[in-house]
Amino acid sequence: MEKHYHHLSTTDCVTLMFLKRQGLSLRAIASELNRSPSTLSRELQRRTVEGRLYDAEAAGLAARSARLLCRPRRKLVEGTDLHEVVVDMLRNKWSPQQISGTPSAVPVLAGLIVANKSRIWSASTCDRRKSKSDCCLGIGKAT
């Protein structure tokens, strides 16, 4: 079997649920879905609540939750102290290069290295068509 890694679709999960409840073996279900039996076995182990039968809807919710948890958290979130400091620095004409190079000089930035200067620009909701000096955080925009 050729190696390819794709998540089980909702249709695959529902089919797995119904065929498993009908008593088919994992190998029979795997051949029906054109999947590896080990893929289905892992799905059943990960997404079956102890003492219950596999439920495709609950499995989908659990998979989406797990996927959200594994993503990196944003560093510059509106309303945080860090965001306020970065906004203030940008308003005072600091460049993202200067901000990212001074985490130890500012107590809120201590312990945090803002290594990616483009994240500062993207967090500043900069319109790419304007020059960078004109678009820091929408300063000077008419409301």
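The values are calculated or read from the model by the stated rules, or taken from the named source; none is laboratory data. It should be emphasised that the depicted structure is a prediction, and the values quoted were computed from it without experimental measurement. Please note: Cβ atoms are built from the backbone with ideal geometry, for glycine as well, and neighbour counts cover all protein chains shown. With ligands, DNA and RNA removed, areas are computed over all heavy atoms of the protein, side chains included. Shrake-Rupley method; radii C 1.70, N 1.55, O 1.52, S 1.80 Å.
Looking at segment 76-85, can you tell me whether even one residue there is under 17 Å from Phe18 (Cβ atoms) and open to solvent by less than 50 Å² (accessible area, probe 1.4 Å)?
No, the conditions are met nowhere in segment 76-85.
For segment 27-43, give me the residue count where each residue is within 9 Å of Leu16 (Cα to Cα) and under 27 Å from the mean Cα position of the chain (by Cα).
Selection size over segment 27-43: 1.
Looking at segment 3-21, I want the residues that are modelled with pLDDT under 85 and have a partner that is not in a loop (DSSP other than H, G, I, E, B) with Cβ atoms under 8 Å, at least 6 apart or on another chain. Which pairs are those?
Filtered contacts from segment 3-21: His7/Ala63.
Please verify whether Leu68 is in a helix (DSSP H, G or I), of a type in the set (A, V, I, L, M), open to solvent by 90 Å² or more (accessible area, probe 1.4 Å) and at pLDDT 80 or above, treating the condition exactly as stated.
Yes: the conditions hold for Leu68.
Among the residues of segment 2-54, which ones are β-branched (Val, Ile, Thr) and open to solvent by 90 Å² or more (accessible area, probe 1.4 Å)? Walk me through it before giving the result.
As a first pass, look at segment 2-54 and keep what is β-branched (Val, Ile, Thr): 10-11, 14-15, 29, 39, 48-49.
Across segment 2-54, the qualifying residues are Thr10, Thr11.
Can you confirm whether segment 113-133 contains a residue that is among the basic types (Lys, Arg), exposed (fewer than 10 other Cβ atoms within 10 Å of the Cβ), modelled with pLDDT of 65 or more and more than 30 Å from Leu40 (Cα to Cα)? Give the steps one after another, and end with the answer.
Looking only at segment 113-133, we keep the residues that are among the basic types (Lys, Arg), and these are 117, 119, 128-130, 132.
Remaining after also requiring exposed (fewer than 10 other Cβ atoms within 10 Å of the Cβ): 128-129.
Okay, now just the ones that are also modelled with pLDDT of 65 or more, so none.
There is no residue in segment 113-133 that is among the basic types (Lys, Arg), exposed (fewer than 10 other Cβ atoms within 10 Å of the Cβ), modelled with pLDDT of 65 or more and more than 30 Å from Leu40 (Cα to Cα).
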